[in-house]
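What follows is a short report on a single structure.
The values are calculated or read from the model by the stated rules, or taken from the named source; none is laboratory data. Keep in mind the model is a prediction, meaning the values are calculated, not measured. Backbone-built Cβ (ideal geometry, glycine too); neighbour counts: all protein chains shown. The protein model used for the area step is the full one, side chains on, heavy atoms only, and it has no ligands, DNA or RNA in it. Shrake-Rupley method; radii C 1.70, N 1.55, O 1.52, S 1.80 Å.
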Amino acid sequence: MLSFYKMKKIVFFTFFLIFFSSFIYGSTIATAPYLPAQAGPQTQNAPITVQYPHEKMTVARGAKKIFIFGQVNLPGALTLDINGETVPLHDNGAFLAYLPVQNGEFTFVLTAGNGKETVQAVRRITVPGADIKDFSAKAEFDPEEVFPQTPVELLPGDVIGLSVRGTPGAEVTYTLTGLNDAKNMPMKEDVSSPGMYRAKYLIDDTQKAKTAKVIYKMQNGPGETEAKITAPAKIKVLNKKAPFTRAKILSPGVKLRKIPTPRENLYPFYRAYGEVLINGRLNKQYRIALNESESAWLEEEKLKLLSSADYKPGRVTSLRTISTDEKTRLVFVGSRQVPISVHEFNDRLELTFYYVNGFDENFSFDTLSPIVDRITWSQPAQDTLLFKIYFKKDTPLWGHSYNFENGNLLLDLIHKPALTPTKEQPLKGARILIDAGHSPRRAVPYDGAVGPTGYLEYEANLALANELKPLLEKAGATVIMTRHGNNRMGLQARYELALAQQAHIFVSLHYNALPETINPLSRARGYSVYYNYPHSFQLAQAVYDSYTRNVPLPDNGMIANDVLFIPRIPQMPSILVESAYIILPEQEQMAKTADGRAPLVQALYEGILNFYGVKLPVKKKPTRRNSFKKPSRKLVLKSGKTGK
């Protein structure tokens, strides 16, 4: 029997070998190349490539797991191991895995073999944030995760969400200096995120104007240790009797947010013009008070604070309508630009003016409008004016647009375009814009997604668009393309092209991807269709239904979306189609060949025809392909191919 002393030596020696091997691997194993590095012949056929994450990429702060994908370029039956986990391989050697990472500098070690040779490569990334284990020795706070990091301004009656990160399992309290009932108040540890402590504080309705420091204290840490930290920014409670600051909108027509987050959460209907009143500040955004019950948020840099708080509401003095073959225009005559809300429904459009105290009921109504049935108005809140424009029965709105000219708001209701179809050309007269999403960029960060073999999304989108275009032209449509070869075009330029070319519909083609922290293997992933306005619903429905009939991939739904740029184009039916997930090896391979794209092209073609009332014979729904294969710790053998 081994002595305890000898066993300790063996355990130590084994641990040393493992640690030393890891150190040597990180130092001597070649870095896996990715797309930009594969231009030279010496790396084009590298045995292992990793397309994502990029070398030395900084991923999401505090990430626990991320996905990694690439390709093994060896002949024969292949195996792949990444950091001790066996990863399945697609027939062409492509792979996708969702693996754990740690905060700080982190290395993936990839080991591939075919029974005759073994090759290795590494991919290095950075995961921002401190590990919880860094705070396990004593009571300690993470200074990068202490709220607030930027100034906060709120009103009596508002709720503040407080948070701080530090040693798990301790007792944490907060103090807001000088505020009512805010001294040494307990916080709760988030069970889903150990070490994150949270609390909500309701500012007393009688609280006087005050600027408070935020102090966090920790007790009963490891070894009965304690810690204390003061947040880098303060909380200012505004004067309830005079809470407003006047500000000027720097980008007329800018969209507002529902909550003060840096991305998404846009209000789809609100647009800010002119001057506004603000009564709050949080996360580098100001709160705009629209009336006593409505508010929205806007980034600080999009406003200019004014010295005077003097406020005088505007007024709508008259309304007239003018009809042409293409549209019905409503002219709201006012004194100045103000924030508005434009909300479209199936049977009406609601237009709300804020900071406007009334309407003089001066109407001039064009009874020849093919779409407007009647208009009503009301004042649902102080200094708020609501117009409801009702549509005639069975006369759908094709689109709408609006803009201020001086103090007058021009609202255009766009009529359905007239076609001149024939039996051979059922789409004659239709003007269809096909948008191959994203633009050429063969260096990180790419414009769009990339697949495991390095196939870029802009290439895949353009291939799809080029194959769809002649089918639509043969059916009689005029097809407007945003992309030709390697031209680059931003979102605003695509939108402006659609207006300049008088496009009737806008169809944007894309392939999907995910943020690196979301598990791409957690559920079946395939195609989806996005729209926003009710006038885009029928186009989205027709294309979506066609995908369910033609495309052998998982159905991820038809989704109303108020964040994506293209579906928010108001002047015409506008949709965005995600045909597949380019980050999934099987679906990337489908996108790379004409045969693989054929069902996608057919689905788009049939969907557009159906939208225009052209019916094709109904097909049997295709058998759904398995869209992913979950990683396993068991050995998985797949036949491989040399190269990409």
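In the stretch 267-313, which residues are under 23 Å from SER401 (Cα atoms), of a type in the set (Gly, Ala, Ser) and not in a loop (DSSP other than H, G, I, E, B)? Residues satisfying the conditions are ALA272, ALA296.
Taking the stated definitions as given, is GLY454 under 20 Å from ASP595 (Cα atoms) and in contact with a Ser or Thr (Cβ under 9 Å, 6 or more places away or on another chain)?
In short, yes.
Let's see how each residue does on (1) in contact (Cβ under 8 Å) with a residue 40 or more places away in the chain; (2) surrounded by 14 or more Cβ atoms within 10 Å (Cβ to Cβ); (3) more than 27 Å from PHE147 (Cβ to Cβ):
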residue	(1), (2), (3)
PHE244	yes, yes, no
PHE269	yes, yes, yes
GLU294	yes, yes, no
TYR311	yes, no, yes
ARG320	yes, yes, yes
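Each residue in the stretch 138-150 was checked for being in contact (Cβ under 8 Å) with a residue 60 or more places away in the chain and surrounded by 16 or more Cβ atoms within 10 Å (Cβ to Cβ), and 6 of them qualify.
Tallying residues that are open to solvent by less than 10 Å² (accessible area, probe 1.4 Å) and either more than 20 Å from PRO552 (Cβ to Cβ) or of a type outside the set (D, E, K, R) (or both) within the stretch 602-618 yields 5.
The criterion of at least 2 residues that are of a type in the set (Gly, Ala, Ser) and open to solvent by less than 10 Å² (accessible area, probe 1.4 Å) is met, among strands (runs of 3 or more DSSP E) falling completely within the stretch 506-584, by 574-581. Residues in the stretch 174-212 that are hydrophobic (A, V, I, L, M, F, W, C), free of Cβ contacts under 8 Å to residues at least 40 places away in the same chain and touching a strand residue (DSSP E or B) at 6+ places or on another chain (Cβ under 9 Å): 6 in all.
Hey, does the stretch 409-418 have a residue that's of a type in the set (Gly, Ala, Ser), out of contact with any helix residue (DSSP H, G or I) (no Cβ under 9 Å at 6 or more places or on another chain) and on the phi > 0 side of the Ramachandran plot?
no
When the strands (runs of 3 or more DSSP E) confined to the stretch 338-413 are screened for residues that are at pLDDT 95 or above, more than 27 Å from SER251 (Cα to Cα) and not basic (Lys, Arg), those reaching at least 1 such residues are found at 372-381, 384-391. The criterion of at least 3 residues that are closer than 30 Å to PHE565 by Cα is met by the following strands (runs of 3 or more DSSP E) wholly inside the stretch 210-263: 245-249, 254-257. The set of residues in the stretch 110-137 that are farther than 30 Å from THR79 by Cα, open to solvent by less than 40 Å² (accessible area, probe 1.4 Å), touching an Asp or Glu at 6+ places or on another chain (Cβ under 9 Å) and free of Cβ contacts under 8 Å to residues at least 40 places away in the same chain contains only ALA130. Do we have any residue at all in the stretch 503-521 that's in contact (Cβ under 8 Å) with a residue 12 or more places away in the chain and among the charged types (D, E, K, R)? Yes, some residue in the stretch 503-521 is in contact (Cβ under 8 Å) with a residue 12 or more places away in the chain and among the charged types (D, E, K, R).
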